[in-house]
1. For a test of the definition: using alpha carbon positions, the gyration tensor, and the 1.5 limit on a/c, classify the stretch 34-155 as rounded, prolate or oblate.
2. Write down the accessible area per residue of the stretch 125-199 in Å², having rolled a 1.4 Å probe over the full set of protein chains.
3. Taking amide H positions as placed 1.01 Å from N in the peptide plane, with prolines and chain starts having none, which residues 5 or more places from ILE136, or on another chain, fall under 5 Å of its amide H?
4. Full extension from LYS313 to LYS61: what is 0.36 nm times the residue separation minus their Cα-Cα distance, to one decimal in nm?
5. Leaving out ligands, DNA and RNA, what percent of the accessible area of the stretch 135-284 is carbon and sulfur, probe 1.4 Å?
6. Summing Lys, Arg as +1 and Asp, Glu as -1, what charge do residues with Cβ under 12 Å from the Cβ of ILE136 carry, ILE136 excluded?
7. Taking square-rooted eigenvalues a ≥ b ≥ c of the alpha carbon gyration tensor, is the stretch 33-100 rounded, prolate or oblate, where a/c under 1.5 means rounded and, failing that, a/b exceeding b/c means prolate?
8. Using only the Cα atoms, work out Rg/Rh for the stretch 154-272, with Rh taken as the Kirkwood radius, to two decimals.
Amino acid sequence: MGGKRRNNEREAMEEYGDDVELDKKEKKKKMEKEKRREILPSMIKNKEKRSAVHAKLKHEKKVEKRKKLKARDAEEKRALELGEEPLPRKIPRTIENTRENDETVCKPDDEELFACNDADEFSSIIKRERTPKILITTSRFNSTRGPAFISELLEVIPNAHYYKRGTYDLKKIVEYAKKQDFTSLIVVHTKRREPDALLIIGLPDGPTAHFKLSRLVLRKDIKNHGNPTSHEPELVLTNFTTRLGHRTGRIIQSLFPQEPNFRGRRVVTFHNQRDYIFFRHHRYIFETKESKTSDSKGKKGKDGKGEKISQQKVIARLQVMFPCQIVVSICSCRADILSIRNIKFSVSFYCNS
């Protein structure tokens with residue numbers, strides 16, 4: 001009798017488990033149907049209703065995200081109070097941490113790289129044996145926004161001079177720049193009344209780099225922008241780690257003098273990230289702000305006369321001084337000025353200020 005009862009109990013448990021699995025499957029199907037029945041913003045034709053539904057969904061996602069963050073913080077606090085180690089936070093998957101290691105990354109003990117730096121075209125400028133002198137010109141068919149962009153470049157790059165192109169060929173301009181002891185030549189090309197390309201030529205023997213421009217916003221269109229001074233800026237180059245990045249950084253570095261004037265508080269930054277270069281031109285400003293002191297109980301502090309005690313804190317902030325958005329992509333690079341074969345690079349650079 002006992003064996004029959006056990007068998008009956010097992011059969012009943014199995015039937016109950018099957019029913020539970022069926023209930024779960026049914027619930028999943030219902031959830032899927034409800035999701036399908038949900039009205040997406042893209043399904044609504046009325047613009048006002050569509051925007052309202054989109055805003056509502058966005059708000060709900062924000063609320064859910066805040067709840068998850070609060071729950072995570074509460075669990076961490078509880079674990080620390082109990083003397084336990086909190087659970088490790090999840091690391092998000094990004095392009096940078098999932099990228100494969102690049103074999104062309106320069107190492108700090110690379111003697112070949114140091115030898116190339118001592119023998120390249122920019123060593124005399126970077127060693128301060130020669131001051132950079134830049135000639136800026138335009139293409140033959142110039143537009144109204146071309147000179148406006150050039151005026152911005154003249155304020156950013158010290159010791160830069162602008163000459164009208166006229167009908168002169170590029171070879172004659174290069175010969176003239178060599179005779180006048182210019183170290184680099186920048187040609188701003190325009191298309192459909194917008195600057196769309198930059199040609200940077202190192203003098204006297206090269207190299208030549210061709211960049212593509214897009215999405216240009218001038219300084220006059222930026223709110224609360226500052227006007228740069230004549231002080232020589234500090235140049236910051238970050239994350240130019242590969243051979244190609246190192247070469248590009250040397251080309252950029254040759255345009256600026258290597259003796260910055262720190263009194264001007266000007267900073268020019270080129271930050272390479274995800275094969276894009278982010279450009280910044282800022283002035284850092286120091287301000288003193290008063291902050292009211294408070295006791296350990298949270299009450300505001302007062303002196304013997306009953307006046308509130310205040311402390312002065314020095315706060316540093318940045319002020320934008322250059323075009324807001326620029327997208328630059330390198331199209332080709334030549335070892336010589338004009339007549340040597342192209343070495344093409346499939347790398348794009350993005351400058352956003």
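The values are calculated or read from the model by the stated rules, or taken from the named source; none is laboratory data. Just so you know, these numbers come straight off a predicted model, no measurement behind them. Methodologically, a virtual Cβ is constructed for each residue, glycine included, from the backbone with ideal geometry; neighbour enumeration extends over all protein chains shown. Accessible surface areas use protein heavy atoms only, side chains included; no ligands, DNA or RNA. Shrake-Rupley method; radii C 1.70, N 1.55, O 1.52, S 1.80 Å.
1. It is oblate, given that a/c is not under 1.5 and a/b is not larger than b/c.
2. The answer is 58 Å² per residue.
3. For ILE136, whose amide H was placed from the backbone, the distant partners under 5 Å are HIS161, TYR162, TYR163, ILE186.
4. 86.9 nm
5. Carbon-and-sulfur percentage of accessible area, whole number: 49.
6. +1
7. prolate
8. Over the Cα atoms of the stretch 154-272, Rg/Rh equals 0.96.
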